[in-house]
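Some notes on the structure that comes next.
Every read-out reported here was derived from the displayed coordinates using simple, explicitly stated rules and does not represent laboratory data. Quantities reported herein were computed from a predicted structural model and do not represent experimental measurements. No Cβ is skipped: glycine too gets one built from the backbone with ideal geometry, and neighbour counts run over all protein chains shown.
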Amino acid sequence: MSLPAILPFAQEQIRKSLFDGAIAVDATAGNGHDTLFLAKAVGASGHVYSFDIQQEALERTHLRLHSEGVGARVTLYRKGHQFMREVLPEQVYGRVAAMMFNLGYLPRGDRQVTTRAESTITALEQGLPLLAPYGVCTLVLYTGHPGGEKEADAVLAFTKQLDPKQYDAAWYQMLNRNHAPSVVAIKKVR
Ligand SMILES: C[S@@+](CC[C@H](N)C(=O)[O-])C[C@H]1O[C@@H](n2cnc3c(N)ncnc32)[C@H](O)[C@@H]1O
């Protein structure tokens with residue numbers, strides 16, 4: 001399977017930007033793997049804000065965090081990531097060290113409920129300005145489900161037009177698998 005190969009790759013891009021006391025955002029909580037990774041990486045003095053529109057996803061994430069004893073470091077929102085600017089406390093603006101998007105549907109959930117091009121782009125428009133200098137945002141893109149290709153194209157087009165004076169952006173793609181997920185990594189350079 002190609003999925004496990006690319007997900008740790010996205011986490012590796014993120015890990016470099018995290019430290020004890022950092023603030024991080026998981027834009028797609030899902031089963032909570034990335035939220036847990038972020039919660040461990042920011043330490044007891046850091047904080048993670050995590051979004052999902054499905055109660056099922058938030059319950060799975062909540063359970064995962066509490067079974068690892070890091071639930072207090074995370075605020076879970078049942079809200080679309082396209083509303084993150086109005087939801088996140090103002091004191092985190094410009095201080096977010098890491099932001100992760102893992103697009104598509106909830107594994108072991110309803111495959112009809114997916115992230116969508118339009119709301120994902122709105123979330124990026126709102127989320128990137130919240131990054132701290134040298135903060136990193138990653139997006140895992142999938143093209144194997146309905147709407148996935150359209151969303152991946154929209155993310156790539158959006159990322160390509162980012163001001164290079166403000167952001168470095170790269171696209172990591174597996175070359176030897178069909179419909180393999182790929183990763184976009186965006187770093188705020190100042
Ligand atoms: C691929 S899963 C995320 C997997 C997760 N990162 C993990 O580590 O387990 C995608 C998630 O995005 C959620 N989602 C869909 N639209 C959303 C939106 N507008 N805002 C936030 N989450 C959304 C889905 O409910 C689903 O749980």
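Key figures
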{"read-out": "DSSP-defined antiparallel bridges as percent of all bridges, the chain, nearest 5", "value": "40"}
{"read-out": "Of Lys79, Lys165, Lys40, the one that fluctuates the most in a GNM where the chain has Cα springs shorter than 10 Å", "value": "Lys165"}
{"read-out": "For Tyr49, net neighbour charge (Lys/Arg +1, Asp/Glu -1) across residues whose Cβ lies under 15 Å away", "value": "0"}
{"read-out": "Total lysine pairs whose alpha carbons fall under 28 Å of each other in the chain (8 or more apart, or interchain)", "value": "21"}
{"read-out": "Extension gain from Arg15 to Lys40, taking 0.36 nm per residue of separation minus the Cα-Cα distance", "value": "7.9 nm"}
{"read-out": "FRET efficiency estimate (nearest 0.05) - Cβ-Cβ, Arg116 to Asp168, R0 30 angstrom", "value": "0.70"}
{"read-out": "Extension gain, Thr75 back to Lys150 (0.36 nm per residue minus Cα-Cα distance, nm)", "value": "23.9 nm"}
{"read-out": "Cβ-derived FRET efficiency at R0 45 Å, Arg177 paired with Gln91, nearest 0.05", "value": "0.60"}
